[in-house]
Amino acid sequence: MQQTERRYSKAIELYRTSDMPIKEICSREGISTPAFSSYLRRRHRDLLFARYGIEISPEEARKSRLRKKSGQTPAAHAKYKDAVMACDDIRFIEYNVSQIAASFGLSPQGLGRQLRNHFPEIVERREKERRRLGINDNAHRGVKQISEETYAAAVGHLSDSDDTIRQTADLFGVSFNGLREHILFYHKDVTGKRAAKRERGKGEKEPGKITGKGNRHLPAPRQVEKYKEAVELCRTTSMTREAIAKATGVSEGGLGNYLRMWCPELIAGNCRKGATEKYAEAIKKLKESGLSTAEVAREFNLSPEAFRAYLHAHEPEIAGKLGMTKSSGGKTVLARTADKYEEAIRLYETTSETLKSIASRLGLTYNSLGGYVRRNHPESIERHNRLVSEENNT
């Protein structure tokens, strides 16, 4: 850490005491711009705020965002704040916005955009006061009727759809920059509605859904084209992924990633086709033999966990028989174990015959049967003992 601090010490001092851009500072000191920018954000966030005229302690800087999700940026605030204050100052009321911008060395269009987008109340107060003083220039302020008519259909579409502003501008044949500013300045309700959609879409991974960036979570057109043939083969054949990748000239890893991201249902379907053939003999043996899942899996060189997962997903009836069940005492036990000892338990709780004798007669291991009864059927022991006691008393 100390070594890093020493390496960036001169650059930090330049950033603190000058207005030089980060890129120029890094070029001068021979250091990486991304690395230095990252270091500033992590270790000297207070300097980032100070660069834009925001006094804040290092502790508060670590908890605060330098830039809001929307609204005026710190850089724009620092650049236009004096001119914006002048627009709201009675001492400058005789000047129009262009004259005020020129006096501060700013672009009239830039200052006008800042006012309309972030300080519309100043524009309204200023025009009202100029009319009262009789110095209004009679220039039109606010949305023009021709603009309202030009963008009306596009505004309605943006309000009701999830298309981006650029997509909408192309759809209705209007200027992208013009539509964007029209929406920002005069239809803040639409902007707010769309921002709320993006907020709800943060972290969205389902194909076709709106994301936090405001666009749909979809593959790039070049990806769709690249894997089009492979996806069709996955959908219509039982070929393995390796064979499909080789046949269509794409990498197996790339195809796998594309399917997992955009066509998960095809992975399941393709796996099912291959797995049906892979597990067919093992399932047949499982049905006929009464062996455990693990024993059958070992016999066919299968992964017991994968075989068991396949049964639960695609052969629920078999999985249910091999799975867990509830004993009469409310304990959770293996279904196949319960079936195995069912007759022995019935005899034990309805006769005075000893459990050892029952186990021997039914070909069961006495210790295993005894432990199972003690753990899961204590009520059977009570019934058996009552029968024995009644017989001894008669």
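Each value in this text was obtained by applying a stated rule to the coordinates, not by laboratory testing. Computed from a predicted model, the values in this text were never measured in an experiment. Here the Cβ positions follow ideal geometry from the backbone for every residue, glycine too, while neighbour counts run over all protein chains shown.
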| remark: Computed, not fitted: 222 nm per-residue ellipticity of the chain from DSSP H runs ≥ 4 (each -39500 (n - 2.57)), nearest 500, equal to -21500 deg cm²/dmol
| query | Can you give the charge dipole size of region 95-215 about its Cα centre, rounded to the nearest 20 debye, using +1 on the beta carbon of Lys and Arg and -1 on the beta carbon of Asp and Glu? | reply | 400 debye
| Using only Cα atoms, what Kirkwood radius does region 19-110 have, in angstroms? | 15.5 Å
| message | Considering the Cα positions of the chain, please state its Rg to one decimal place and its Dmax as a whole number of Å. | response | 37.9, 122
| request: May I ask you to compute the full-extension gain from T236 to R7, defined as 0.36 nm times their residue separation minus their alpha-carbon distance, rounded to one decimal in nm? | output: 76.5 nm
| request: Please express the Cα-Cα pair-distance distribution P(r) of region 155-247 as a list of whole percents, one per 10 Å bin, running from 0 to the bin with the greatest distance. | output: 15, 33, 24, 16, 11, 2
| query | Put +1 on the Cβ of every Lys and Arg and -1 on every Asp and Glu Cβ in the chain; which of N385, T73, I22 then has its Cα farthest towards the positive end of the dipole? | reply | I22
| remark: Stretched fully, the stretch from E382 through E225 gains (0.36 nm per residue minus C-alpha distance, one decimal, in nm) 49.3 nm
| field | Förster-model FRET efficiency, 35 Å R0, V250 and K209, C-beta, rounded to 0.05 | value | 0.85
